[in-house]
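Report on the structure given below.
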Amino acid sequence: MPHISVRDLTVAYDGHAILSDVTMDIPDRQITAIVGPSGCGKTTFLRCMNRLIDMTDGARVRGEVLIDGANILAPDADVISLRKKMGLLSQKPQPLPMSIYDNVAYGPRLHGTRNKRQLDAIVERYLKLSSLWGEVRERLHAPAARLSVGQQQRLCLARGLAVEPEVLLCDEPCASLDPTSAQHIEKRFVELKQDYTIVLVTHILRQARRLADYIVFFYMGELVEHGPAEQLLNDPRDERTKAYLSGTIS
Amino acid sequence: MKWRLLEEKVFRALMILCLGAVIAGLALIVAVITAKGARSLSWEMLTQVPKGGYYLGKSGGILNAIVGSLALAFGATALACVFAFPVCLYLQRDYAGRSRLASFVRTSLDLLWGVPSIVYGAFGFTVLLYMGMRASLLGGIIALALVELPIMARAMEEAVRMVPQALKEASYAMGGTHWETMRKVVLRQALPGILTAILLAFGRGIGDAASVLFTAGYTDNLPRSLLDPVASLPLAVFFQLGTPFPEVQSRAHACAFILLVIVLVVSVLSRLLGSRVSKYSLR
């Protein structure tokens, strides 16, 4: 059974449809890239996965997102444990106003880890996993805001992983990064897909080509086509997908 | 092209002019107070309470008013914080947000801001009478807290609202509740602004005469308990300026000078504190 499956998902802001009737399954332990032109509903789709859509004024959501069979959009769904399951990496890194150490320890502390030695181990482990440890081990208690943007994004990755999610939701995570930092992050993704299901929103088609195992193409709020990367990139069925891949629409 | 450059210069000059007017105003106040009050300012004045005939020009000091004002202003600021803080958090979009209740509360605070402080004094006095109490430190603190509350709550709300939504969402995305996010993330980020709000309210509170006139009373003694009446610096200025004796009037100016220094010291201290705590804030 697929881990995440979406059934007839429709989102409207003040009566204006952003996503309509999206139905698909997201494959486990692969990188699923969601591509499409700006304003096609990619980010809204991602925000439904961890219910951050709740924070948007005037958003109405219908349909179902089933994770392990349970509908997370149900009013009585446990949003806290849902969000623990779904890590988020946002477009612009958002380090919390605290030290590097406290940023990584933030999630584990929220979910009940208090033991200092345990926290130390968690911080070291996830900073290593996001390949930031070498650069910050000497200044773990310095403000996170002093890191470079590329380092901040890796810190945010470490922080997200420290919560021990099962899925990583990434919203154009390289958009504000320099090429080297972007490469760093991409490399991590390839390693991480062994253990995590990664949903990557991107408007860079080349990034999707490099990383994705599975591609979903949205256009004007509609799910146009989805399938294994190989097939969708080389043999798209829909005219709009063809136009997007050839660069006619972007 | 020439016109645009001229425009640029004219508006730059206007800004400098306005800035100059503000600075000149402050400088003038300080100069007048110092010139008129300097000769009365003495160690004795800071360390003694008024002795018999003080208001006729005999010896003594205004320690009673200094201690009273500090007790009133710190007490009222602390009390106002207790209420302003939850109110400002509740007005955020994460809680009441754009609901009718929130906009009602905002409008009410703006109205309360405009209420003259003598009205709070009269209100406080009525409440005191009703409760069978006399003018006291406690009564003064409550009336002054009412004066400070709208200023503090609105300024705090402004500071907290400046925290980017994306930053809060980062915490929510890790499974933080509203309260955890407010306490651990929003507060830290908004702390410098919150301190400014508290300082603003403190400055307003310590300089307010009308609200404490009926509620705190006036006395030559130091307060021993919350139920004793207390003196305050603004009223000390008021009473002494009202006498016909030049020495006593000069002491009024010295009192005003002391009041300014207290506000300055508290302001500098809170700035220092602010820069310490904002070490981790994002800019």
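The values are calculated or read from the model by the stated rules, or taken from the named source; none is laboratory data. All of these numbers come straight from a predicted model, not from anything done at the bench. Cβ placement follows ideal geometry from the backbone for every residue including glycine, while neighbour counts extend to all protein chains displayed. Just the protein is used for accessible areas: all its heavy atoms, side chains included, with ligands, DNA and RNA removed. Shrake-Rupley method; radii C 1.70, N 1.55, O 1.52, S 1.80 Å.
Tabulated values for the structure
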{"quantity": "Of all accessible heavy-atom area on region B:1-40, the percent that carbon and sulfur account for (1.4 Å)", "calculated": "77"}
{"quantity": "Most to least accessible of B:TRP3, B:TRP113, A:TRP133 (protein chains only, probe 1.4 Å)", "calculated": "B:TRP3, B:TRP113, A:TRP133"}
{"quantity": "Residue-averaged [θ]222 nm for chain B, counting only DSSP H segments that reach four residues, each worth -39500 (n - 2.57)", "calculated": "-24000 deg cm²/dmol"}
{"quantity": "Dipole in debye (nearest 20) - chain A, about Cα centre, beta carbon charges: Lys, Arg +1; Asp, Glu -1", "calculated": "960"}
{"quantity": "Accessible area per residue, Å², region B:1-40 with all protein chains present, probe 1.4 Å", "calculated": "91"}
{"quantity": "Heavy atoms of A:LYS116: accessible area, 1.4 Å probe, square angstrom to 10", "calculated": "120"}
{"quantity": "Assigned charges on the beta-carbon of Lys, Arg, Asp, Glu; chain B dipole about Cα centre (debye)", "calculated": "740"}
{"quantity": "DSSP beta bridges in the protein assembly as shown [antiparallel fraction, %, rounded to 5]", "calculated": "55"}
{"quantity": "Crossing angle, helix A:149-162 versus chain A [Cα axis fit, 0-90 degrees, rounded to tens]", "calculated": "90"}
{"quantity": "Inverse of mean 1/r across different Cα pairs in region B:86-169, Kirkwood, Å", "calculated": "14.4"}
{"quantity": "Rh by Kirkwood over Cα pairs, then Stokes-Einstein D for the protein assembly as shown at 1.306 mPa s and 10 °C, µm²/s", "calculated": "58"}
{"quantity": "Buried on assembly, region A:98-113 (at least 20 Å² less accessible surface than by itself, 1.4 Å probe)", "calculated": "A:MET98, A:TYR106, A:LEU110"}
{"quantity": "Positions from region B:175-190 whose accessible area shrinks by 40 Å² or more when the full protein complex is built, not the chain alone, probe 1.4 Å", "calculated": "B:GLY175, B:LYS184, B:ARG188"}
{"quantity": "B:TYR55, B:TYR95, A:TYR106, reordered so the largest accessible area comes first (probe 1.4 Å)", "calculated": "B:TYR95, B:TYR55, A:TYR106"}
{"quantity": "Of B:ALA231, B:ALA122, B:ALA13, the one that fluctuates the most in a GNM where chain B has Cα springs shorter than 10 Å", "calculated": "B:ALA13"}
{"quantity": "Within chain A, percent of DSSP bridges classed antiparallel, to nearest 5", "calculated": "55"}
{"quantity": "Where only alpha carbons of region B:179-218 are counted, the Rg and the Dmax (Å)", "calculated": "15.8, 45"}
{"quantity": "Compactness of region B:193-269 - radius of gyration and Dmax, Cα, Å", "calculated": "13.9, 44"}
{"quantity": "Kyte-Doolittle mean at least -0.5 and Cα axial length at least 18 Å: DSSP H helices in chain B", "calculated": "B:2-37, B:63-90, B:100-114, B:117-130, B:137-161, B:187-206, B:246-277"}
{"quantity": "Between 0 and 90°, nearest 10: helix A:116-129 axis offset from chain A longest Cα axis", "calculated": "50"}
{"quantity": "For region B:159-228, accessible area per residue (1.4 Å probe, heavy atoms of protein chains only), Å²", "calculated": "39"}
{"quantity": "Ratio Rg/Rh [Cα only; Rh per Kirkwood] for region A:128-250", "calculated": "1.04"}
{"quantity": "A:THR248 accessible area, assembled protein chains, probe 1.4 Å, Å²", "calculated": "110"}
{"quantity": "Of all accessible heavy-atom area on region B:43-280, the percent that carbon and sulfur account for (1.4 Å)", "calculated": "71"}
{"quantity": "Ranked order, B:LYS51, B:LYS184, B:LYS9 - accessible area, probe 1.4 Å, largest first", "calculated": "B:LYS9, B:LYS51, B:LYS184"}
{"quantity": "Gyration tensor over alpha-carbon atoms, chain B, equivalent ellipsoid semi-axes in Å", "calculated": "38, 28, 17"}
{"quantity": "Candidates A:LEU155, A:LEU223, A:LEU96, ranked by Gaussian network fluctuation over chain A, Cα under 10 Å, top entry", "calculated": "A:LEU96"}
{"quantity": "Overall Cα dimensions of region A:84-129 - principal axes, largest extent first, Å", "calculated": "32, 22, 21"}
{"quantity": "For chain B, with +1 on Lys and Arg beta carbons and -1 on Asp and Glu, the positive-most of B:LEU233, B:ALA197, B:TYR55 along the dipole", "calculated": "B:ALA197"}
{"quantity": "Chains B and A, summed buried accessible surface - 1.4 Å probe, Å², nearest 100", "calculated": "2300"}
{"quantity": "Cα lying deepest toward the dipole's positive end in the protein assembly as shown, options A:ASN71, A:CYS48, B:PHE11, charges on Cβ", "calculated": "B:PHE11"}
{"quantity": "Directionally averaged shadow of region B:1-40, computed from the convex hull of its alpha-carbon atoms, nm²", "calculated": "2.6"}
{"quantity": "Total charge dipole magnitude, region B:1-40, about the Cα centre, Cβ charges on Lys, Arg, Asp, Glu only, Debye to nearest 20", "calculated": "80"}
{"quantity": "Those lysines that a straight Cα-Cα span of less than 29 Å connects to A:LYS116, excepting residues fewer than 8 apart in one chain", "calculated": "A:LYS84, A:LYS85, A:LYS128, B:LYS168, B:LYS184, B:LYS279"}
{"quantity": "10 Å-binned pair-distance histogram of chain A (Cα, whole percent)", "calculated": "7, 31, 35, 21, 6, 0"}
{"quantity": "Burial of 10 Å² or greater, region A:36-71 residues [accessible area, probe 1.4 Å, versus chain by itself]", "calculated": "A:ARG47, A:LEU52, A:MET55, A:ASP57"}
{"quantity": "Compactness relative to 2.2 N^0.38 Å, alpha carbon Rg of region A:14-143", "calculated": "1.28"}
{"quantity": "Computed accessible area, B:HIS253, all protein chains, 1.4 angstrom probe, square angstrom", "calculated": "40"}
{"quantity": "Residue (of B:PHE85, B:SER278, A:SER246) at the positive-pole extreme of the protein assembly as shown, dipole from beta-carbon charges", "calculated": "B:SER278"}
{"quantity": "For chain A, calculated [θ]222 nm from helices alone, where every DSSP H run of n ≥ 4 adds -39500 (n - 2.57)", "calculated": "-10500 deg cm²/dmol"}
{"quantity": "Pair-distance profile P(r), taking every C-alpha pair of region B:122-198, with 10 angstrom steps and integer %", "calculated": "18, 31, 21, 18, 11, 1"}
